[in-house]
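Participant: Mind having a look at this structure? Questions to follow.
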Amino acid sequence: MTEKIVDLRSDTVTQPTPAMRDAMMRAPLGDDVFGDDPSVNALQDKIAAMLGFESALFVPTGTQSNLCAILSHCQRGDEYIVGQMQHCYRWEAGGGAVFGSVQPQPIGHQPDGTLAIADIEAAIKPDDPHFAKSRLLALENTLGGQVIPMAYIEEATSLAKRKGLGRHLDGARLFNAAVEQARRNKSDAKKEARTIAQHFDTASVCFSKGLGAPVGSALCGSKELIARARRVRKMAGGAMRQAGVLAAAASHALDHHVDRLAEDHALARRLADALEGVAGLKVEAPHTNILFVDLLGETRDKSAQLLDHLKAQGVLATGLYRLRFVTHLDVDAPGVDRAAAAIRGFFNR
């Protein structure tokens with residue numbers, strides 16, 4: 001019997017659980033372009049209420065959610081301030097600039113993933129015809145699996161508000177951050193998610209990563225801003241018809257898959273612990289479900305061989321000199337142990 005593939009490439013590879021598939025099959029449907037898909041409407045109401053916003057918009061992807069946010073906050077000739085390694089700057093094909101003529105102003109990250117407050121303030125342009133207008137500060141939590149500290153979020157968003165900037169949260173893995181914050185504070189994860197989100201004017205949440213839905217994200221904000229975002233979604237080709245079958249999966253995930261993210265975090269720590277002490281590897285202690293492992297010295301030239309070796313052992317991962325392993329609901333402890341054994345075996349052979 002062939003062993004199950006241990007897919008650690010991303011938490012986007014998850015398959016719907018049997019209970020989620022059942023919820024999808026039973027979902028009442030309508031035409032969301034007309035606004036009468038009851039499952040979509042219920043999801044939008046649920047996520048908006050959960051995070052403390054007036055309204056929400058269901059979209060196919062997190063990339064489109066961030067695009068809708070940027071183009072709803074900013075006009076042509078405006079700019080948004082963003083980190084060099086944030087998804088909405090580096091990995092979304094320059095959508096804000098291409099579709100909206102909105103200039104990104106990227107700045108470097110601190111080791112903990114934050115943007116220095118002084119750097120944010122220095123990046124805000126004066127009101128002068130020579131400059132793009134600074135309109136928006138975008139932050140991401142988690143960033144590469146790192147939880148952005150709550151005190152920092154408060155300080156950065158307070159600065160943005162004082163300077164008249166909008167505040168957007170790319171919370172693709174917001175619930176991972178909230179679950180870890182809840183663990184530290186001995187509190188409730190959904191309460192922590194709301195606490196984080198309430199420092200922003202808009203928040204994007206992805207359902208197809210750790211929460212395990214097959215497709216979809218939501219943008220949350222005021223009724224006025226979400227009305228603008230709905231128009232952007234239409235222009236970007238993202239209006240959907242009987243989308244309730246997808247919304248039902250996301251709604252099921254919100255009801256059943258938030259607290260279980262702690263299991264993914266524990267598995268990432270299990271893998272990190274198993275790789276500690278392997279010569280040539282530097283293991284970065286994970287905050288949540290993403291583990292980075294750097295290849296040092298002579299091992300740097302063996303990264304492609306290592307990935308091929310892992311694939312031959314039924315383990316999938318990504319990276320070059322910096323490998324990334326992501327745990328999720330389709331990975332279990334035996335799978336993590338198999339991955340660790342395969343990595344150790346490669347370096348010990």
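The values are calculated or read from the model by the stated rules, or taken from the named source; none is laboratory data. Just so it is clear, the model here is predicted, and its values are computed rather than measured. No Cβ is skipped: glycine too gets one built from the backbone with ideal geometry, and neighbour counts run over all protein chains shown.
Participant: Restricting to segment 330-349, count the residues that are at pLDDT 95 or above, exposed (fewer than 15 other Cβ atoms within 10 Å of the Cβ) and of a type in the set (D, E, K, R).
Facilitator: Result for segment 330-349: 1.
Participant: Got a number for residues in segment 314-329 being of a type outside the set (A, V, I, L, M), modelled with pLDDT under 95 and touching a helix residue (DSSP H, G or I) at 6+ places or on another chain (Cβ under 6 Å)?
Facilitator: Residues in segment 314-329 being of a type outside the set (A, V, I, L, M), modelled with pLDDT under 95 and touching a helix residue (DSSP H, G or I) at 6+ places or on another chain (Cβ under 6 Å): 1 in total.
Participant: In segment 271-315, which residues are small (Gly, Ala, Ser), free of Cβ contacts under 8 Å to residues at least 60 places away in the same chain and more than 20 Å from Val13 (Cα to Cα)?
Facilitator: Within segment 271-315, Ala272, Gly277, Ala285, Gly297, Ser303, Ala304 qualify.
Participant: I need the full set of residues from segment 159-205 which are more than 22 Å from Pro104 (Cβ to Cβ) and among the small types (Gly, Ala, Ser), in order please.
Facilitator: Ala177, Ala178, Ala182, Ser187, Ala189, Ala193, Ala197, listed by residue number.
Participant: Next question, about the same structure. Checking the structure you have, find out if any residue of segment 3-17 is assigned to a strand (DSSP E or B) and surrounded by 16 or more Cβ atoms within 10 Å (Cβ to Cβ).
Facilitator: The answer is yes, given that some residue of segment 3-17 is assigned to a strand (DSSP E or B) and surrounded by 16 or more Cβ atoms within 10 Å (Cβ to Cβ).
Participant: Now for a different question. Only one residue in Gly83, Gly52, Gly77, Gly94 is under 30 Å from Ile124 (Cα atoms), buried (at least 23 other Cβ atoms within 10 Å of the Cβ) and assigned by TED's automatic domain parsing to the domain that holds Asn141, so which one is that?
Facilitator: Residue meeting the stated conditions: Gly83.
Participant: Across segment 157-175, which residue is farthest from the chain's Cα centre (by Cα) among those that are part of a helix (DSSP H, G or I) and under 22 Å from Leu67 (Cβ atoms)?
Facilitator: The extreme case among them is Ala160.
Participant: So, one more: Within segment 193-205, identify whether any single residue is free of Cβ contacts under 8 Å to residues at least 24 places away in the same chain, surrounded by fewer than 18 Cβ atoms within 10 Å (Cβ to Cβ) and out of contact with any strand residue (DSSP E or B) (no Cβ under 9 Å at 6 or more places or on another chain), and answer yes or no.
Facilitator: no
Participant: Oh, and also: Do we have Ala93 as out of contact with any strand residue (DSSP E or B) (no Cβ under 8 Å at 6 or more places or on another chain) and either part of a loop (DSSP other than H, G, I, E, B) or not hydroxyl-bearing (Ser, Thr, Tyr) (or both) here?
Facilitator: Taking the combined requirement at face value, the residue satisfies it.
Participant: Does Ile47 satisfy being buried (at least 19 other Cβ atoms within 10 Å of the Cβ), assigned to a helix (DSSP H, G or I) and not polar (S, T, N, Q)?
Facilitator: Criteria met by Ile47.
Participant: Restrict the check to segment 110-118 and report whether at least one residue is more than 22 Å from the chain's Cα centre (by Cα) and either at pLDDT below 95 or assigned by TED's automatic domain parsing to the domain that holds Val232 (or both).
Facilitator: Taking every residue of segment 110-118 in turn, at least one turns out to be more than 22 Å from the chain's Cα centre (by Cα) and either at pLDDT below 95 or assigned by TED's automatic domain parsing to the domain that holds Val232 (or both).
Participant: Further question on the same structure: Given the criteria free of Cβ contacts under 8 Å to residues at least 40 places away in the same chain and farther than 26 Å from Ala268 by Cα, does Ala122 qualify?
Facilitator: yes
Participant: So, Ala274, is that one within 28 Å of Ala177 (Cβ to Cβ), within 19 Å of the chain's Cα centre (by Cα) and of a type in the set (A, V, I, L, M) or not?
Facilitator: No, not satisfied.
Participant: Return the pairs, sorted by first residue and then second, in which the second residue is not in a helix (DSSP H, G or I), the first residue lies in segment 248-265 and is basic (Lys, Arg), the beta carbons are less than 7 Å apart, and the residues are 6+ apart or on different chains.
Facilitator: Arg260/Leu329
Participant: Just checking, which of Gly297, Gly280 is surrounded by fewer than 18 Cβ atoms within 10 Å (Cβ to Cβ), among the small types (Gly, Ala, Ser), at pLDDT below 95 and out of contact with any helix residue (DSSP H, G or I) (no Cβ under 7 Å at 6 or more places or on another chain)?
Facilitator: Going through Gly297, Gly280 in turn, just one is surrounded by fewer than 18 Cβ atoms within 10 Å (Cβ to Cβ), among the small types (Gly, Ala, Ser), at pLDDT below 95 and out of contact with any helix residue (DSSP H, G or I) (no Cβ under 7 Å at 6 or more places or on another chain): Gly297.
Participant: Suppose we keep only residues that are outside any helix (DSSP H, G or I) and aliphatic (A, V, I, L, M) within segment 113-129. Which one would you say is surrounded by the fewest Cβ atoms within 10 Å (Cβ to Cβ)?
Facilitator: Ala116
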